[in-house]
């Protein structure tokens, strides 16, 4: 890596490199680029085969230089950057729409007032005809200016044998204008009283459609707020420490895997990495939703965009750019936001037929009123109103817009939902299967209790136990060694180490014979354990593994090791049961330990001693009882079971979120995440149902009323301008209702 | 009387035309010769909106020129592909392991509609 300037500006763009096979190619590419005027810095990331370039030279020039050096390169489109650009273009689009709405609105309202004035120009006179003719032409120009995009869209769709929202508006307003012009030129076609023109209706409808679209862009912008907030979490710079120990601030785009970074108190951690020197407590709530800061020491993983609270430390970058956890989350959520829950399928199947059906209904409306003997003006108004009031948008938007907001909300709580189906099913669960190790418990055995006999103290027996266990490969040994190290204890050297399978270990330490193991080891070595037997049994019944320690054949005490239950497991399980969900525990552990843990957290149904490959079968059995089954596991050993379940939850995936088998990934390590997922699922689904219901009702009531169904009874025929207003309002209502989800919050949780 | 017959006949004809044009006739498909095709998202439609390929791998280069937010996403529901389209910038979507069949692609609301027809064995 070549450093040219001390103060490096942010890379302007990245190129993807091809046929770069060896690290030495990197050098020749870099030097080829540095020969180009306007390139300040070029940094190759060999692992990712990318190159970050800063300076004034454009991508084309850079690519050419690379090609001349014998390699291929292409420009990488930065999604995050293009997002910003989309925002800008959309803002401009919104302004244009507002302006168009204003112009069409002013002329429309002007003509509307004119038509109510007592001295209006009569179409029975030539002057009146000329004036209305001119106004008609002005209207046409305004319609084409303000609604040209609708007309173009309708025509383009028509060519492709499709009918859209644009089709309805175009035919409705177009028919109004044509009819009006016919009346202007041949007023005698209709009786005197019916000589009314509808230029103002066409103009106001187009103004309302434009206004509605503009407001919708604004409201939609808010639906992706969660994603924007996630993107905004990213740190902008990092303090890199070079080989000489010099520190300098550089933009995070320039970071590479392996860089050593200094993180000071109060700073955001720039990228993912591991702590290599120092310790601190870190607020990870922005990723996990868990409000409690987490303490980190050497070799612990830290994540980009989380907040360093207290200490200063050095870290080594392990993941940069798109590989970081935050980027992965953003990508996952962005993808999930555009998926659909099963409930939306109905609206989808309708949407393809909706517009042609409305066109047919408009024709039928005209036929009915014509045959009953109504005037041409009445027929036009009724049919036009049918076309204008129908709103496929509200129907089509109902689900996607709520999903968009709901998925974003979930991400704020550290719940990553892969798709719409997972989102819907999570709220419908009737049974939830929890894996024991790592889900209910912490998944890492710890020393939970030390009991000593009269002649020994805790520290002594711990020191002996840890000293002997350093030679053991048993999984519980590590728990004892860790515990001893935590007390900054020196381990003694041991001689004649021996391990007896199923019993324990023994060795000579300080000339003393030390035994560490279960009851059998003690009995075979004639150690009397009677005084601690009751306590030992009690510990075992709690699901712990008590180990006896004897020094020179005299019982010294018990060290009890267990996989402790997470503090929040029990409250979460209680809440799940309160929701009416049947909670089941599944584990490969023995019955006794399983039952002990289940009892402590309040679970009645336990499947113990289940082989990993059989977990999926148990899920299947539960599903055959018509239950909708969720499964919570670590996502690695439980993959088949997670895949079999209706909703698979991967918990504590803080290290790797690319878990393919899970429908829902909980970044935090707590079962509370399942509750959050269920709560968000339920509230989102309710929102979707409200939207779908509203849109269906709106259309199925609005269309018949527009067609004049109430006219024979109440003499009511809807004004097409009111229909235009209702149509614009209906899709806005759907978007606004979905936006209400943004305000949803879960008690006691930080989003 | 002639008026009545004329009006009703025209209306009936219109209904038939609507059904035939929007339901029965599908737009001509564009045969992809190589394994890449550009689709414009413009004026409320995908052009071309019917794509036919005999390959099992296809790259579709979407160019979205329509600023309306409706066109922001393109979904291939059966293929589980959902992509956000940047404005005025090509966005490539590569579909692999395509099996024979018809796959609909739409915007989020299903107003923009297209169809991908795969005919390989």
As a percent rounded to 5, the proportion of antiparallel DSSP bridges among beta bridges in the range B:27-118 is 60 percent
Dividing the helical contributions, -39500 (n - 2.57) per DSSP H run of n ≥ 4, by the residues of the protein assembly as shown yields a 222 nm value, nearest 500 deg cm²/dmol, of -15000 deg cm²/dmol
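Over chain A, what is the mean sequence separation of C-alpha contacts under 8 Å (at least six apart), divided by residue count, expressed as relative contact order in percent? Could you put the intermediate results ahead of the total?
Numbers: 1429 pairs, mean separation 98.0, N = 751.
Normalised by residue count, the contact order of chain A is 13 percent.
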Ordering A:405-416, A:712-723, B:40-51, A:671-682 by per-residue average of other C-beta atoms within 10 angstrom, highest first, gives A:405-416, A:671-682, B:40-51, A:712-723
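Could you compute Rg(Cα) / (2.2 N^0.38 Å) for the range A:327-370, with N its residue count?
Dividing the Cα Rg of the range A:327-370 by 2.2 N^0.38 Å gives 2.05.
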Rounded to a whole number, the Stokes-Einstein D of the protein assembly as shown in µm²/s (Kirkwood radius over Cα pairs; 4 °C; 1.567 mPa s) is 40 µm²/s
If one compares the long axis through the Cα atoms of helix A:530-541 with the longest principal axis of the Cα atoms of chain A, the angle in degrees, nearest 10, works out at 10 degrees
Nearest 10, in degrees from 0 to 90: the angle of helix A:392-412 to the longest Cα principal axis of chain A is 20 degrees
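Using packing as a proxy for protection, rank A:566-573, A:704-711 so that the peptide with the highest average count of other Cβ atoms within 10 Å comes first. Numbers along the way, then the final one.
Working: A:566-573: 17.9, A:704-711: 19.9.
Ranking, from highest mean packing down: A:704-711, A:566-573.
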Per residue of B:61-68, other chain Cβ atoms within 10 Å number on average 3
Rounded to the angstrom and largest first, Cα extents along the principal axes for the range B:8-60 equal 50, 24, 12
Expressed in angstrom and rounded, the centroid-to-centroid distance over alpha carbons for the range A:152-166 and the range A:389-447 is 36 Å
Gyration tensor (Cα only) of the range A:349-403 to equivalent ellipsoid, semi-axes in Å sorted down, yields 30, 11, 5
On each of the three principal axes the extent of the alpha-carbon atoms of the range B:27-118, given in whole Å and largest first, is 32, 23, 22
Partner shielding of B:81-88, as the mean number of partner chain Cβ atoms within 10 Å, equals 6
Counting only DSSP beta bridges fully inside the protein assembly as shown, the antiparallel percentage to nearest 5 is 75 percent
The range B:27-118: relative contact order from alpha carbon pairs under 8 Å, six or more residues apart, as a whole percent, is 31 percent
Taking Cα atoms, the helix B:2-19 axis meets the longest principal axis of chain B at an angle in degrees (rounded to 10) of 10 degrees
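Bear in mind that the values in this text are calculations on the coordinates, not laboratory data. All values reported here derive from a predicted model rather than from experimental measurement. So basically every Cβ, Gly included, is an ideal-geometry build from the backbone, and we count neighbours across all protein chains shown.
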